[in-house]
Amino acid sequence: MGKDEGAMMGLMQCLPLTIGSVIDHAARNHGATEVVSRRVDGSFERSTWAQVAQRSRRLATALDALGTAPGDRIASLAWNRIPHLELYYGVPASGRVLHTLNPRLFEEQIRYVLADGGARVLFVDPDLLALAEGVLAIHDAPVTVVVLCAREDMPASTRDDLIAYEDLIAAADPLAAWPDLDERTASSLCYTSGTTGAPKGVLYSHRSTVLHAMSLMTADSMALSARDNALLLPPMFHVNSWGVPYGSAMCGAKLVLPGAQLDGASLHALLRDEAITFSLGVPTVWFSILDQIERTATAEERGALRLERVFMGGAATPRALVQRFRDLLGVETMQAWGMTETSPVVAVTRPMGRHHGQPWEEELDLRAKAGRCLFGCEVGVADADGNVTGPGADAVGALVVRGHWVTNGYFGKEPGSALDAQGWFDSGDIARIDADGFVQITDRSKDVIKSGGEWISSIDLENAAVAHPAVKEAAVIGVPHPRWQERPLLLLVLQPGEAVTREAMLAHLTEHVARWWLPDDIVTVDELPHTGSGKVIKSELRDQYRHHLDPAQ
Ligand code: AMP
């Protein structure tokens, strides 16, 4: 912060930007507004912002009773459900740090992330208990496990010390008042996907979380408001569900959480039955919803949907998807750019005043861009020497970012260690920024494979493949896929005289990686293209196999 000794200070109140103040505001001003979620068995649980506030205060007291202290990490392994939302408030507002674990990872990966975060209490959804037990069986430290259900719904377990969440909440009095916290206090911990080495923890603060959520409500971002019924598709273990659990409480939107059922039919039913006006998620999830609507809904039923806006990010939004939303439902799509390290929303694509009346083809081009930077952040393009230029320079280079909700250093590392001397964080994406400030991602510097909203590490898969004795060299690339955006393709060079069947290789890989990481196809080649320094030239392979899984590409 710049300081000028001679400047006069303003005479305005200065209150810390805390998560406790967000849920208090929701309880006071739109306490009766609904929060809805789906249990694992498909039944619905209905609550209100006032009840979420009340129960998160009970949770805070219960966390004291469990012997946890301010600053302690509290882990969650759960879907988008109301109890998870209560953790989103009760844990940070009481001074602890919510560490969200991704249940789609392999047991060993979850164990690594849990151990790195250091939580000693884990809240787990009932259908994920078996996974949690598998993780804890290979974890060194003792962990108290709370299952997010009532005692009568507790799943069978080998442990006899499990706590039922509803017992815990019922036994605790609501905390009278949230503790006074410095707004820079850590609030939640979320790990990157670890494609270039071990996953890294991003430690959000109350201040960064509140400022980010406030910006989501602005008209050029999500324009989230009290008129919205919002369907939350980004998992609550991915970058705080893009901040919407906090933004909805601020403005008084009705929040609908889909639980574990993310198939087209279930989501279409939620759009219809909960009168959803706004939703968000990675592009992939929308393909199955639109397929479902196209197949099953009459024009009248489509017209009855109240959906107005859809916000997409995490991967480039295909033009075809923008077009389809418009043709099928008359819905506006917004594209956003961001990443775990940036909370995530930094840039959003919505037309400006001067685009009014432009032909649809041009608007489609515009909406295919990654977005304009929101106030609170700054983006630039860095050349190979680290010189940064802003919008309009027409340079292509590393997309760098700095701002109120951008990390300065990973969990366990020195503060500031993720930044260059000017305070820029290198996103790892390659981009151009036009004169209006629209960011266009031209490439990604990592070779990660994006399958749906999830990332698959090519390095991990390659390492697993070369562990097979018949394999001399392996390369894994992401290949365009009509449904999942990208799926892995494994290219193998075999040892002389060796052979391995596709089934045998898949069986081998299954021992090392999660099932959904398994390559969609395996191709044996005589040799792979290499750079002078011996690295496989993946860009060449990607070009060569572009049509392998989707001939339309
Ligand atoms: P994550 O940290 O998992 O949220 O992934 C962040 C990465 O997703 C970014 O570094 C980009 O590579 C990619 N990404 C996010 N939004 C977009 C977008 N609108 N267009 C293209 N790539 C995107």
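Among the residues of region 56-68, the one identified as open to solvent by less than 40 Å² (accessible area, probe 1.4 Å) and either at pLDDT below 95 or not in a helix (DSSP H, G or I) (or both) is Thr68.
For region 203-224, give me each residue that is open to solvent by 50 Å² or more (accessible area, probe 1.4 Å) and part of a loop (DSSP other than H, G, I, E, B).
From region 203-224, those open to solvent by 50 Å² or more (accessible area, probe 1.4 Å) are 203, 207, 214, 217-220; that's our starting set.
Listed by number, the residues that qualify are Met217, Thr218, Ala219, Asp220.
Specify the residue that is surrounded by the most Cβ atoms within 10 Å (Cβ to Cβ); the eligible residues are those in region 347-386 that are farther than 12 Å from Phe438 by Cα and touching a helix residue (DSSP H, G or I) at 6+ places or on another chain (Cβ under 6 Å). Result: Gly376.
Take the conditions (1) more than 30 Å from Ala260 (Cα to Cα); (2) without any contact (Cβ under 8 Å) to a residue 40 or more places away in the chain; Leu17 misses just one of them, which is (2).
Within region 398-407, if we keep just the residues that are within 16 Å of the ligand (Cβ to nearest atom) and surrounded by fewer than 21 Cβ atoms within 10 Å (Cβ to Cβ), the residue that is nearest to Gly376 (Cα to Cα) turns out to be Arg402. Listed residues Leu224, Leu232, Leu271, Leu255; which is in contact with a helix residue (DSSP H, G or I) (Cβ under 9 Å, 6 or more places away or on another chain), within 16 Å of the ligand (Cβ to nearest atom) and at pLDDT 95 or above? Testing whether each residue is in contact with a helix residue (DSSP H, G or I) (Cβ under 9 Å, 6 or more places away or on another chain), within 16 Å of the ligand (Cβ to nearest atom) and at pLDDT 95 or above leaves just Leu232.
Pick out, from region 100-202, the helices (runs of 4 or more DSSP H) lying fully within it that include 1 or more residues that are among the charged types (D, E, K, R), under 20 Å from the mean Cα position of the chain (by Cα) and crowded, with 18+ Cβ neighbours inside 10 Å. So that I can check it myself, show each step before the final result.
Numbers: elements: 107-117, 129-137, 165-171.
Once the helices (runs of 4 or more DSSP H) in region 100-202 are filtered for at least 1 residues that are among the charged types (D, E, K, R), under 20 Å from the mean Cα position of the chain (by Cα) and crowded, with 18+ Cβ neighbours inside 10 Å, what remains is 107-117.
The condition of being touching a residue at least 12 places away in the same chain (Cβ under 8 Å), within 15 Å of the ligand (Cβ to nearest atom) and under 26 Å from Pro103 (Cβ atoms) does not hold for Ile430.
The values are calculated or read from the model by the stated rules, or taken from the named source; none is laboratory data. None of the values given here were measured: they were computed from a predicted structure. Glycine also receives a Cβ, built like all others from the backbone with ideal geometry; neighbour counts cover every protein chain displayed. Surface accessibility is based on the protein's heavy atoms, side chains included, excluding ligands, DNA and RNA. Shrake-Rupley method; radii C 1.70, N 1.55, O 1.52, S 1.80 Å.
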